[in-house]
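K.L.:
After the structure tokens below, expect a handful of questions from me.
Derivation of every value follows stated rules applied to the coordinates shown; laboratory data play no part. Model, not experiment: these values are computed from the prediction. As a convention, Cβ positions derive from the backbone with ideal geometry for all residues, glycine included, and neighbour counts pool all protein chains shown.
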Amino acid sequence: MSAETILETRGLTKEFKGFVAVNNVDLKVRRGDIHALIGPNGAGKTTFFNLLTKFLPPTRGTIAYQGVDITSERPAETARRGIVRSFQISAVFPHLTALENVRAALQRNLGTSFHFWKPEKSLYHLHDRAMELLSTVDLQDFAGELTVNLPYGRKRALELATTMALEPDLMLLDEPTQGMGHEDVSRVTQLIKKVSQGRTILMVEHNMNVVSSIADRITVLQRGAVIADGPYAEVSKNPQVIEAYMGSADTELQGAH
């Protein structure tokens, strides 16, 4: 693995009782890139993420992170290496404020996550860093707001802040703009671009406008296998990719230049 490759999978395969969900995937993610994983529904993208984060063991193949084989590690060990997954399922506490959510994530990063009996003022030293993270995602004005009251797009921004609190080297974003209106999609896309400074991001994303505007590299999966890999301009012209996105998604692919 070269120094510029942060994550590499070789021949990564996952079979479920004869059904091949992820089929012999070779993927290289370069350090500092925003790398998008796209493909039609059922292409194996979420299963692939589950393999990377160790929620599923692979049938065969290897995963290397920063040059170390992590294929058989447990989820917690992999997370401690700095691989953090976010989104798809909201990962914030609805009845804490935005500030308390980020502080709780900072506390988790310090390894004190279970010290709930400690007085709240023992967390005050984390206050400044939490406010800094909220400012990064434009939530400084919502610090005291209960998370349950935040609009959907702002909740997603809060998840970005809590993910960053864990100081990941590699952020795995699982459909970060799913279910959002146009304005929220634009805001969250810009936030992802902003928080990618000094980090590597691998994201599963359906929205081609998002992918075309911020991804450095794109890997396309179809039926669990890689059918294209490269920059958007190249991948979007690939006949196999256009065919995989036939129908409504095809117009999306074409219209995202």
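K.L.:
For segment 146-162, just list the computed ³J(HN,Hα) in residue order, Karplus coefficients 6.51, -1.76 and 1.60, θ = phi - 60°, integers in Hz, with x standing in for Gly and Pro.
P.N.:
5, 4, 4, 8, 6, x, 3, x, 6, 4, 5, 4, 5, 4, 4, 5, 5
K.L.:
Shifting gears a bit: If I stretch the segment between S72 and L56 completely, what's the gain in nm (0.36 nm per residue apart, minus their alpha carbon distance), one decimal? Don't jump to the answer; show the numbers that get you there.
P.N.:
Details: separation 16, 0.36 × 16 = 5.76 nm, distance 1.03 nm.
Once the chain is fully extended between S72 and L56, it gains 4.7 nm.
K.L.:
Putting +1 on Lys and Arg Cβ atoms and -1 on Asp and Glu Cβ atoms, find which of G61, A233, M171 reaches farthest to the positive end of the dipole of the chain.
P.N.:
Highest projection toward the positive end goes to G61.
K.L.:
How would you rank 157-164, 233-240, highest first, on the average number of other Cβ atoms within 10 Å across their residues? It would help to have the intermediate numbers written out before the result.
P.N.:
Values: 157-164: 24.0, 233-240: 14.8.
Packing proxy ranking, top to bottom: 157-164, 233-240.
K.L.:
Given the options M208, L27, I242, identify the residue whose Cα lies farthest towards the positive end of the charge dipole of the chain (+1 on Cβ of Lys, Arg; -1 on Cβ of Asp, Glu).
P.N.:
Positive-end residue among those listed: L27.
K.L.:
Each residue of segment 30-45 in turn: what ³J(HN,Hα) in whole Hz from Karplus with 6.51, -1.76, 1.60 and θ = phi - 60°, glycine and Pro shown as x?
P.N.:
Using θ = phi - 60°, the values come out as 7, 4, x, 7, 9, 10, 9, 10, 10, x, x, 4, x, 7, x, 5 Hz.
K.L.:
With mean projected area of the Cα convex hull in nm² in mind, check (i) 14.3; (ii) 13.5; (iii) 15.2 and report the label derived from this structure.
P.N.:
This structure yields the entry labelled (i).
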